[in-house]
Structure formats: structure tokens, C-alpha cells
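**Student:** This is the structure I want to talk about, given as C-alpha cells.
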Amino acid sequence: MNRGTGLEETVSLDEERVPATEAGGHMAAWERNPGRVTQDPVQSAFVMAVQLLEAGRASLLLRQDADPVLTMAAAVGIKPSLVETIQIPYGAGVAGLVAEKGLSLLGRSLSNETFVCAPIVTQSGIEGVLNVTDRIGGRQFSGADLASTSFVAAHIANLLEFRRQSMVDFVSGLPNRTAFEEALERELARSARTNRQFSMVYIDVDRLKEVNDRAGHAAGDELLRNVATALKRAIRQYDFVARIGGDEFGVLLADSHEGEVSFARRLSARTANMDEPFSLSLGVARFPEDGRTAPDLMRVADGRMYEYKRTYGLRGVGSGRPAEAAR
């Protein structure tokens, strides 16, 4: 893995450049999902910056999780094989320094090219950096270009905030299915790259329909919120939980068997004294033994969850049923 030390190292790798003409012009953007350049507003804003500043090379670096490390979400003029390996810790190199300090920068790279670098600052803090260099035609960047870069970076920050709000389930307060699927794709990529295991857990709230029918949907929503609270308290800081359907939740656990067992026991303890009678059905799928793609893992976890439900009926987690049996 290439833990890059910042913008100056990235943009000076002449042997790894992709000339703008070869890449299809300076509008050609590499991204993790190539078909979504015009559909994803964040990617579209990046392309707008490339056009506006006539950049031969540029990169959009974003923090993907709680770790203070930037990875490339999009780039032009840099080979995809290089882009996929770069990680820049906060404080390392120019880009890392901009991410750490939150200050925009107009400077000159080791290859004597001017560059502009602006932080992407949201309500959650500094979440990324927008880098632009190698101006087409050989002209140098100016203070006005730095202001333009900062403007686009602020626009990207607003888009990230909007995306985050659109990925929250309003009943439970947890991330929604879209957020879960994105988190799963990130975990698949990271685990494949680092050769480590992780587990995905599907959780179904048994008897939710009975609660809705007997006490009304307000009571059902309250039950979902209580389950969401129990799940948040049962996971660790580096795990992920979301509500993925009407009565279903999903959890990503950063390690395998021991993490699954300890999670299930913590969940049992945190749901044991809840007032509303209910139970939870769990199904677990592991990467890589149960699959290497999101659809494969989802299918396995979903199947095991329903097998768990058929085996134990409605005596779920929280009602004395052994949580470890989910696997």
C-alpha cells in the first residue's frame, strides 16, 4: 500500500501520469464507479473544478471513516492503478497538512509546477482536500484560482452534508440502507486490500407488526428506536450499524468469530430488560469465506437470518434464544 505523503509526492510522479489528451481530455475523471460521473453531485463538482481551473492533474481526497487518513475519491491525469493505492495521513505532506490545519494553499511542487490545495470542511470537521495542478497550457495558478478552488471545496462540503442527511433513517436515527451499502463496499475494498476478515450481520425485529397492530405505529417506531439504541451500544467504535428496511438492521463487524460472539452477547444484555415484548433474529455472513461481493454476503446473511427464525420461532435474542446460533 502506498501511504503517500501529500500532494507534492503525488503530482511529481511523472512516470505515472496520464496525459490529458490520452485520458480523453481534461474532463476525463477517474472514479471508483466510472458510470456515475454525471449522476453523483460530488463527482460532478470535482469535474467542474477540473474544467474551471483547466487542470491537467487533480485529485479529490476524502476521509472514508473515523481514521484521519485521506484516500482518492476521484482524480484526473493519474493512473487508476496508482490512485487506488494512495493513502495520505492527516499531517503528512502538503495535502495531509492542509487536512490537518484546514488552510488553503497556493504553492509549487517538487517538479516546479504551481498547485492549489483547499480543505473540505463540513459540520463533522475536515473531511477532505481538493488538489489541482499541472495547468493545461503551462500557465501558473494564481490567488484567484485559489479562491475558485476554495469555493468548489466549500460546495463539495455542502454536498457531503446533504448526502449524509439523505442517508439517515428518520425513525431510528441510524444510517439508512444506502449508507449501509456504501459502507459495505468500502469494507469489501479495504478487506480485500489488507487481506483481513469481517462479518456482516442481518437483524430482524420479530413481532414488530404485532406491536404496530396492537399499540399503533407510534409504539412500533418507539420499539425501533429502542432497538437502534441497543445496537449502537452493542457495537464498537470501528463497527457500523444501519437500519436497512422496515424491521431489519445491518451491522458490519471489523473482525470475525470473536467479534460476532461478543457483539451478540452485548446485544442480548442490552435488550434483556426492554419493556415491549419482542425478539431479534440474526444471520451472519463472513468475508471472504461466504462471499467476496456485496450481493453474495447479503444473500447468505439474509438466508441465515430466516433459517435462524425458522429454527427458533419467536424466542429471539432478548427472549432467551442463543444469539451465537446465528452463525
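The values are calculated or read from the model by the stated rules, or taken from the named source; none is laboratory data. Computed from a predicted structure; not experimentally measured. Cβ coordinates were reconstructed from backbone atoms using ideal geometry, including for glycine residues, and neighbour counts include every protein chain displayed.
**Student:** Looking at Ala92, Ala66, Ala75, which is the one that is surrounded by 22 or more Cβ atoms within 10 Å (Cβ to Cβ) and on the phi < 0 side of the Ramachandran plot?
**Tutor:** Ala75
**Student:** Of the residues that make up the stretch 108-123, is at least one at positive phi and touching a residue at least 60 places away in the same chain (Cβ under 8 Å)?
**Tutor:** no
**Student:** What helices (runs of 4 or more DSSP H) lie completely within the stretch 203-296 and have 1 or more residues being of a type in the set (Gly, Ala, Ser) and crowded, with 17+ Cβ neighbours inside 10 Å?
**Tutor:** Per the criteria, 217-234, 257-271.
**Student:** When only residues in the stretch 65-112 that are aliphatic (A, V, I, L, M) and in a loop (DSSP other than H, G, I, E, B) count, which is farthest from Ile136 (Cα to Cα)?
**Tutor:** Looking at residues that are aliphatic (A, V, I, L, M) and in a loop (DSSP other than H, G, I, E, B), I get Ala66.
**Student:** Something else now. Restricting the stretch 129-142 to residues that are over 33 Å from the mean Cα position of the chain (by Cα) and not basic (Lys, Arg), which is surrounded by the fewest Cβ atoms within 10 Å (Cβ to Cβ)?
**Tutor:** Gly137
**Student:** Could you list all residues from the stretch 125-148 that are among the basic types (Lys, Arg) and part of a strand (DSSP E or B)?
**Tutor:** Arg135
**Student:** Ok, one more. Report, by residue number, each residue of the stretch 183-196 that is surrounded by fewer than 16 Cβ atoms within 10 Å (Cβ to Cβ) and at pLDDT 90 or above.
**Tutor:** Glu185
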